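Below you'll find the structure, written out as structure tokens, and then a few comments.
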């Protein structure tokens, strides 16, 4: 069944949702009179600031990209905004119509076909966004670095990865959806205009205010208390994190923008030279527990055990898959970035949109993108961490540093900063290069 609009998707199985959740969802989806007194654009920026531009200019670039990608999409057209609509109008956003890794990398390395195929019901199967980065296992989706993330309600955080048409066409035209082909590719180089999006989602409960989230219904896996999959269910999800990765002319190392929902963890304020949490009275944060001892914050839940050829995350002694993992932000949001956040979140054009409940954490980019002696181009700022995606490695997390090591499945060759190829499957009877 085609499910172009998020409102239509939400109607599927709504009878199983709590009444309060339903009321919140429908209230958010109701169209209101549009205000035009803003400078918001449905089109993403075509160029990026100069490499030596100030941080606030790059942060404005990130917000412009965030707004354009969260614009309502055209009915029946993947990746194209409906510029007659406004942020907050019903429907999937532009990036929600991008092709997901599940749609790109089909079983047996099959050709995924044309770009503009009909939307189907959403399905999220990843519970560890960092899993594939340090794994050589073809299907090691829930293993390796980090571990799962359980919110304060005791539910897992789910993840998805998607790509725009420019990225999709490059992958399909080169048959890089086939693990056997991509494992032999020694010159992966995405064209300018590629956008990759990583998203993180949590299950909304009756205690949550759904009107503060970009929401969707999706099929998600269920687990036992040891984190082993037991089945699939339909859940009402709220977006908690969004990485937007863009390859732009002049930036071979890409530009990295990361956003979060504002209720993940409390803001911080510099008091007498120390960063101090400033939780709002009466606010329940999705991943923050004010009573949690400092030593328990941002700690991986995993007791890593080798099972066969795989490294498996088993809950640490005294915990289960339902035990919340308390988080806090390690690197405070920069003052200059907070100023840009305030400017956009208060824009009249976003006041009836959930986008006003999201904030930019930082924009990371190369300061010297064309320096031959430094292929990474000096990542600026040096650290970049989304608490829902780099939860347990925040003190040394750098998107550019990490993705510079990206390779396809069982391949020694670099993958131009993209880990998507870790999802590629091989045809039946074929092997990847390392298995020959």
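Give the residue that is surrounded by the most Cβ atoms within 10 Å (Cβ to Cβ), with candidates limited to residues of the range 333-356 that are under 20 Å from the mean Cα position of the chain (by Cα) and part of a loop (DSSP other than H, G, I, E, B). The selected residue is 353.
Just so you know, in the range 271-295 the residues that are in contact (Cβ under 8 Å) with a residue 12 or more places away in the chain and over 30 Å from residue 70 (Cβ atoms) include one that is surrounded by the fewest Cβ atoms within 10 Å (Cβ to Cβ), and it is 290. Filter the range 52-61 for residues that are part of a helix (DSSP H, G or I) and in contact with a helix residue (DSSP H, G or I) (Cβ under 8 Å, 6 or more places away or on another chain); which is surrounded by the most Cβ atoms within 10 Å (Cβ to Cβ)? This residue is 59.
What's the total number of residues in the range 395-409 that are crowded, with 22+ Cβ neighbours inside 10 Å and under 17 Å from residue 179 (Cβ atoms)? The total comes to 2.
May I ask you to verify whether residue 298 is assigned to a loop (DSSP other than H, G, I, E, B), surrounded by 15 or more Cβ atoms within 10 Å (Cβ to Cβ), at pLDDT 90 or above and on the phi > 0 side of the Ramachandran plot? Can you show your working first?
Numbers: assigned to a loop (DSSP other than H, G, I, E, B): yes; surrounded by 15 or more Cβ atoms within 10 Å (Cβ to Cβ): yes; at pLDDT 90 or above: yes; on the phi > 0 side of the Ramachandran plot: yes.
Here the answer is yes, as residue 298 does meet what is asked.
Among 174, 209, 189, 178, which is surrounded by fewer than 21 Cβ atoms within 10 Å (Cβ to Cβ), farther than 20 Å from residue 403 by Cβ and at pLDDT 95 or above? Even if it seems obvious, please write down each step before you answer.
Values: 174 fails: farther than 20 Å from residue 403 by Cβ; 189 fails: farther than 20 Å from residue 403 by Cβ; 178 fails: surrounded by fewer than 21 Cβ atoms within 10 Å (Cβ to Cβ).
Residue meeting the stated conditions: 209.
Could you tell me whether residue 15 is part of a loop (DSSP other than H, G, I, E, B), at pLDDT below 90 and either surrounded by fewer than 18 Cβ atoms within 10 Å (Cβ to Cβ) or out of contact with any strand residue (DSSP E or B) (no Cβ under 6 Å at 6 or more places or on another chain) (or both)? Judged against the criteria, residue 15 is not a match. Residue 142 meets all of the listed conditions (1) at pLDDT 95 or above; (2) over 21 Å from residue 204 (Cβ atoms); (3) buried (at least 22 other Cβ atoms within 10 Å of the Cβ); (4) in contact with a strand residue (DSSP E or B) (Cβ under 8 Å, 6 or more places away or on another chain) but one, namely (1). With the condition kept exactly as written, say whether any residue in the range 240-252 is within 23 Å of residue 321 (Cα to Cα), under 16 Å from the mean Cα position of the chain (by Cα) and crowded, with 16+ Cβ neighbours inside 10 Å. So far as the range 240-252 goes, yes, one or more of its residues are within 23 Å of residue 321 (Cα to Cα), under 16 Å from the mean Cα position of the chain (by Cα) and crowded, with 16+ Cβ neighbours inside 10 Å.
The values are calculated or read from the model by the stated rules, or taken from the named source; none is laboratory data. Remember, predicted model here, so these are calculated numbers, not experimental data. So basically every Cβ, Gly included, is an ideal-geometry build from the backbone, and we count neighbours across all protein chains shown.
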